[in-house]
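The values are calculated or read from the model by the stated rules, or taken from the named source; none is laboratory data. The structure presented is a predicted model; accordingly, all values stated were derived computationally and were not measured. We place every Cβ from the backbone using ideal geometry, glycine too, and count neighbours over all the protein chains shown.
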Amino acid sequence: MTFTSIQSMSLFRTIRSRIWPVITGCMLCISSYGQDPHFSQFFASPLTLNPAMTGLFDGDFRVAGNYRNQWPTINNAYKTGTASIDFSLLKQLLPENDRWSVGLLALNDRSANRILNNSHYSISTAYHKGLDENGYHQLTIGFQGTFTSKVLDVSEADFEDELTSLGFTGVTSEVFANPRVSINYVDLNTGILYSGTTNGDNNFYVGTSVYHVNRPNESFLGGSFILEPRVTFHGGGRIPLGEFRAVHGSVIHQRQGGANETVLGGAMSFNVNQDEYNPVDLYAGAWYRLRDALIPYVGIEFGSFRVGYTYDVTMSNLRTATERRGGSEISLIWVRRPVEECRRRLHCPKF
């Protein structure tokens, strides 16, 4: 019994009267095994997107959190959450337009009704080099190290030979000497990013990152199951439309092993209180994951907080199994900013 078959069979614990949609979902789960957790709001999870995003924000330090519940109709298929903090160091010792930043990230991903539990703990660092005297243009390089712990517990799994006319009421013939196994490994990631502005009001950026540079072995059985590098290209920008409105856009393309993903879209922002220094901004827009899902987005930013919500509307053939319920996702970012009103603002990506 291989790990992939264990993971796929575990998804049979779902609505017993809908066997065929479950099988469809299981087959997709098999094809996605070995790939990283991902967020529709990739722009709101900076340390899982690119290590070079560490510290790239306007403030002293940033706290971010994300939660995603994917394919809820397939019995807790995937639930993913993150928490991170990043900040800059030695500001007084560096050139005015340079910054050195450090970040900490914790990520937990549970799949197949908690049968597979993945925990990742990362530390990242990035150096932001100013390319001009005004600080309008920056080039950043970042690195990240991750300790990963994976636990597979098949004691709660249901297998195909348990299926009877009454549902999963039979007894499996599968026997495991140890139904709970685990692996640990260290992972290395890196990235580079350019960001800039032409007038201090707009913003644009482009970057690339590579996760799993060292190609760790993920086999639970002592064999060889290599986690292939995930290569990401991403970019975006902000264009003001008058004094209190702006359009934001972003795109990401990722490749890992034989899989690839492209997401693109944008949102409008509206300064509803028309206050330049303490704005309350509302966001509305949508992203689209090619050949998969439409992703409407709403958000609000006030004071030091930004909250965003998306809901994946499945457009692919999987819509039957998922009942078009692709996944809901929420993000929260809090940035501590200096109290000085005359401080020089940094022009950093938001989407």
TODO: Please verify whether region 137-151 includes one or more residues that are part of a strand (DSSP E or B), within 15 Å of residue 184 (Cβ to Cβ) and of a type in the set (Gly, Ala, Ser).
DONE: yes
Of the candidates 265, 242, 285, 237, the one satisfying the condition of being over 24 Å from residue 338 (Cα atoms), part of a loop (DSSP other than H, G, I, E, B) and either at pLDDT 95 or above or not basic (Lys, Arg) (or both) is 242
For residue 223, the lone unmet condition from (1) over 21 Å from the mean Cα position of the chain (by Cα); (2) modelled with pLDDT of 95 or more is (2)
Output for Cβ contacts, cut-off 9 Å, separation at least six or different chains, first residue closer than 30 Å to residue 301 by Cα and free of Cβ contacts under 8 Å to residues at least 40 places away in the same chain in region 254-271, second of a type in the set (Asp, Glu) and surrounded by fewer than 17 Cβ atoms within 10 Å (Cβ to Cβ), reads 271/243
Would it be correct to say that residue 228 is at pLDDT below 90 and of a type outside the set (Phe, Trp, Tyr)?
no
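Yes/no matrix, rows are residues, columns are (1) assigned to a strand (DSSP E or B); (2) at pLDDT 85 or above:
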| position | (1), (2) |
| --- | --- |
| 291 | no, yes |
| 295 | yes, yes |
| 299 | yes, yes |
| 312 | yes, yes |
| 316 | no, no |
| 320 | no, no |
| 326 | yes, no |
| 330 | yes, yes |
For region 93-122, the count of residues that are among the aliphatic types (A, V, I, L, M), buried (at least 16 other Cβ atoms within 10 Å of the Cβ) and assigned to a strand (DSSP E or B) equals 4
Selection over region 44-69 where residues are basic (Lys, Arg) and at pLDDT below 95 yields a count of 1
**Asked** Does residue 198 count as touching a strand residue (DSSP E or B) at 6+ places or on another chain (Cβ under 6 Å), closer than 30 Å to residue 299 by Cβ and of a type in the set (Ser, Thr, Tyr)?
**Response** no
What do you reckon, is residue 14 at pLDDT below 80 and β-branched (Val, Ile, Thr)? yes
Within region 70-92, restricting to residues that are surrounded by fewer than 17 Cβ atoms within 10 Å (Cβ to Cβ) and touching a Phe, Trp or Tyr at 6+ places or on another chain (Cβ under 9 Å), the one that is modelled with the lowest pLDDT is 91
Restricting region 146-160 to residues that are surrounded by 16 or more Cβ atoms within 10 Å (Cβ to Cβ) and at pLDDT 95 or above, the one farthest from residue 84 (Cα to Cα) turns out to be 148
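Listed here are the residues, each with its yes/no results for (1) in contact with a His (Cβ under 9 Å, 6 or more places away or on another chain); (2) crowded, with 16+ Cβ neighbours inside 10 Å.
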site	(1), (2)
188	yes, yes
199	no, no
227	yes, yes
241	no, no
248	no, yes
263	yes, yes
